[in-house]
1. Mind checking the full-extension length gain between Glu101 and Phe133? Use 0.36 nm per residue of separation minus the Cα-Cα distance, one decimal, nm.
2. At 7 Å along the Cα-to-beta-carbon direction for both Arg263 and Arg34, put a label point, then send me their distance in nm to one decimal.
3. Place a point 7 Å from Cα of Thr160 in the direction of its Cβ. Which residues in the range 107-123 have their backbone N less than 17 Å from it?
4. Select from Gln183, Leu171, Ile49 the residue farthest towards the positive end of the dipole of the chain; place +1 on Cβ of Lys and Arg, -1 on Cβ of Asp and Glu, and compute about the Cα centre.
5. If a/c stays under 1.5 just call it rounded; otherwise compare a/b with b/c (prolate if a/b is bigger, oblate if not). Do that for the range 1-146, with a ≥ b ≥ c from the square roots of the Cα gyration tensor eigenvalues.
6. Calculated FRET efficiency, Ile274 and Arg5, Cβ-Cβ r, R0 25 Å, to nearest 0.05?
7. Take the alpha carbon gyration tensor of the range 36-112, find the square roots of its eigenvalues, order them as a ≥ b ≥ c, and report rounded if a/c is under 1.5; if not, report prolate when a/b exceeds b/c, else oblate.
8. Antiparallel as a % of all DSSP beta bridges within the range 39-235, to the nearest 5?
Amino acid sequence: MPTVRDLRDRIRSLKNTQQITKAMKQVAAAKIRRAEALQKQSRPYADAIDGMLRDLIANVHAIDHPFMRPGRAGTPGGVIVMTADKGLAGSFNANLIRLAEAHGREHADAVWYAVGVKARNALRRQPGETKAFLPLAQGEMFANARELARRVSDDFTAGTISSLTLISPKLINTMTQRPEQRQLLPIVAAEQPERSGGAVEFEPTPEFVLGRLLPKYLEFTLYSAMLETNASFYAAQLVAMSNATDNAKKLIDQNTVEMNKARQAAITKEILEIVGGAEALAG
């Protein structure tokens with residue numbers, strides 16, 4: 001049975017841990033508000049560029065762009081894995097890494113692109129080559145997204161990779177962040193509903209605008225995924241630190257009860273020894 005001193009030291013350590021987790025919870029709460037604000041500000045542009053891309057694909061008769069062509073047969077596929085730079089966010093990074101490992105077991109020759117320190121560390125255990133690494137929250141995020149888009153575009157157009165898959169989280173709400181896997185390249189033209197001509201005019205030609213829009217679309221898709229990954233990380237960290245703070249409080253209460261019992265037992269033992277000694281002297 002632990003002594004009173006042992007329990008007191010344990011309670012002091014738990015209180016220090018509780019202070020740290022509470023401070024990290026407050027930091028995560030402040031940062032998630034800024035991350036969600038950035039994500040919401042980017043949504044109108046994302047909706048506009050997606051709608052314009054659909055209009056272009058519907059109006060272009062012959063699509064001849066590298067992003068729309070099938071990849072070279074026999075070449076491996078490229079995979080972008082997005083995680084956070086830091087941990088202490090529950091199973092957030094582990095779920096993304098687990099999905100990437102499952103993809104790697106099905107595609108042993110995959111070429112990897114890591115976004116986030118945790119993704120880089122995890123991909124070192126994968127058999128495929130990691131061609132690029134970019135941090136998630138270090139430096140300017142849009143510049144990192146543009147650099148990543150340039151690298152994967154060069155590899156895809158050069159025939160180094162035959163496709164491009166993105167593994168990143170989707171922020172459902174503060175409590176739920178779901179890992180998702182989606183194909184970015186080649187872009188598949190979905191069936192479009194029939195449109196009445198003349199709704200949108202493109203100058204000089206739809207083909208020319210499409211050629212300029214597709215690289216921007218890839219850049220902003222990666223940037224939007226980075227924003228969502230950042231917001232998802234702080235949401236997961238907020239929940240994890242909140243749970244850790246609550247668990248620390250429960251352990252403090254339990255150890256306080258144990259310490260009071262141990263102290264009461266020690267006092268009772270001392271009283272009994274004193275009474276026994278007094279009776280022995282009196283006898």
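1. 9.8 nm
2. If labels sit at Arg263 and Arg34, their model points lie 4.3 nm apart.
3. 109-115
4. Value: Leu171.
5. Judged from the Cα gyration tensor, the range 1-146 comes out oblate (a/c at least 1.5, b/c at or above a/b).
6. Efficiency at R0 = 25 Å is approximately 0.70.
7. Note, shape of the range 36-112 comes out oblate.
8. In the range 39-235, approximately 40 percent of DSSP beta bridges are antiparallel ones.
Every number in this text was worked out from the coordinates using simple rules, so none of it is lab data. Quick caveat: nothing in here was measured; it's all calculated off a predicted structure. Every residue, glycine as well, gets a Cβ built from its backbone with ideal geometry; the counts of neighbours run over all protein chains shown.
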